[in-house]
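Written below as structure tokens is the structure these notes are about.
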Amino acid sequence: MIIRIGHGHLEGWYAMGFTESQNIFIKNLYAAKQSHVNKLLGMNTSNMLVYEGTSDYKIVYPYDADVMVRTTAVNELKYFFNEATGIELDAVSDAGLVIDQKKYISIGNTALLRQSNLKNQQVVLGNSGVRVVTMDQNIFLFGDTQFGDLFAVY
């Protein structure tokens, strides 16, 4: 019998009564099968946040952000993303960035957010309200204040 244990990067497939090396073989066989099934089904994997243990996404924060956004929000997102997937995302300042074909997770009032015109929409969020918006292959996490920016990460 094969059972699935855990979640995120702690997840594992284990075959009852088999050796560790046999379990590794079974896990790799399942991963190869799943990859093949995704290709057969024509799944567009380029739009996935995580695929086969990797991610093309980078976290972007405003170059002039205060400590709450630049440090706390970024570190929290990196930590929880890693806990869920086993992947550590890179974080970069928005200085000089433009919306292009890259994949970003934008936190706060970044240059990318301003280029998207999402902030111009008249939505009143208050001191701690948040918006989480996907546009093309980018994810925007923001509020009207630094508290909203931080809360959007959660």
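Summary of values
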{"quantity": "Filter result for L141 (assigned to a helix (DSSP H, G or I), among the hydrophobic types (A, V, I, L, M, F, W, C) and either within 16 Å of E76 (Cα to Cα) or modelled with pLDDT of 90 or more (or both))", "calculated": "no"}
{"quantity": "Those residues of segment 43-88 which are small (G, A, S) and on the phi < 0 side of the Ramachandran plot, in sequence order", "calculated": "S46, S55, A65, A73, A84"}
{"quantity": "Candidate set: segment 77-102, residues that are acidic (D, E) and under 12 Å from the mean Cα position of the chain (by Cα); chosen: the one farthest from T54 (Cα to Cα)", "calculated": "E83"}
{"quantity": "Residue in segment 77-88 that is more than 13 Å from Y57 (Cα to Cα) and assigned to a strand (DSSP E or B) present", "calculated": "no"}
{"quantity": "Hits in segment 87-106 - residues which are closer than 22 Å to S46 by Cα, surrounded by 13 or more Cβ atoms within 10 Å (Cβ to Cβ) and modelled with pLDDT of 90 or more", "calculated": "I87, L89, A91, V92, K103, Y104, I105, S106"}
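The values are calculated or read from the model by the stated rules, or taken from the named source; none is laboratory data. Only a predicted model underlies this, so the values are computations on that prediction, with no experimental measurement involved. Cβ sites come from the backbone with ideal geometry, for glycine too, and all protein chains shown count toward neighbours.
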